[in-house]
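The structure under discussion appears below in the form of structure tokens.
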Amino acid sequence: ACFFLLERMEAIAYILILATLSLLAYYLGNLGLVRVAFNFLELRQLMISYFVVAFLVDFYKRNISSYQAELEEKRRDLERSIREKDEEVLNAMQSYAELKRNKLAMLNLLEDARELEKKLKEQKQGIEEEVNQKTHELRIESAQLLAVINSISRGLFVVDRHMAIIVNNMQITDILEI
């Protein structure tokens, strides 16, 4: 601002000097004492040009300040927008990383579930084989027990709590004629 004020003061001093010289040349020219190399119209055009240039410089300096303020505000807005976008990108990257960890965890769980299913099938097959073996053993024992019961020379029968006959030998059927 001080520089611009100094320029204005220099411009005013220059204009005053030009005006004084032009008046002096005009009067001296009218008296015929000095022959002036330029006429009054040229001096007037020069002064008007200087005023126009000074006005334009002043106008542009004032507008440049407002444009600079606008540009600074737009720069701050742009930086704020960039920071917001950076935050969004960072959040998206964090979400992606979390999704990736979740995916790996789910794949691990799926792999564990498959392994457990495989072990369960193996255990089931082992249990089925054991049940089949025990069932076979029970049939053999039952057949042996029935053979022992039938080999008893006396009559024998076994009842449940409702007094229904569940096992009997051949001798009891002959004795009771059932």
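Structure notes:
- Any chance residue 162 is open to solvent by 90 Å² or more (accessible area, probe 1.4 Å), assigned to a helix (DSSP H, G or I) and either without any contact (Cβ under 8 Å) to a residue 40 or more places away in the chain or touching a helix residue (DSSP H, G or I) at 6+ places or on another chain (Cβ under 9 Å) (or both): no
- Residue in region 97-109 that is among the acidic types (Asp, Glu), within 38 Å of the chain's Cα centre (by Cα) and surrounded by 10 or more Cβ atoms within 10 Å (Cβ to Cβ) present: yes
- Where a residue in region 57-68 is touching a residue at least 24 places away in the same chain (Cβ under 8 Å) and its partner, wherever it lies, is in a helix (DSSP H, G or I), with Cβ under 7 Å and at least six apart: 61/4
- Odd one out for residue 135, checked against (1) over 60 Å from the mean Cα position of the chain (by Cα); (2) open to solvent by 70 Å² or more (accessible area, probe 1.4 Å); (3) more than 30 Å from residue 177 (Cβ to Cβ): (2)
The values are calculated or read from the model by the stated rules, or taken from the named source; none is laboratory data. Quick caveat: nothing in here was measured; it's all calculated off a predicted structure. In this analysis, Cβ positions are derived from the backbone assuming ideal geometry, glycine residues included, and neighbour counts consider all displayed protein chains. Just so you know, the surface numbers come from the protein's heavy atoms only, side chains and all, with ligands and any DNA or RNA stripped out. Shrake-Rupley method; radii C 1.70, N 1.55, O 1.52, S 1.80 Å.
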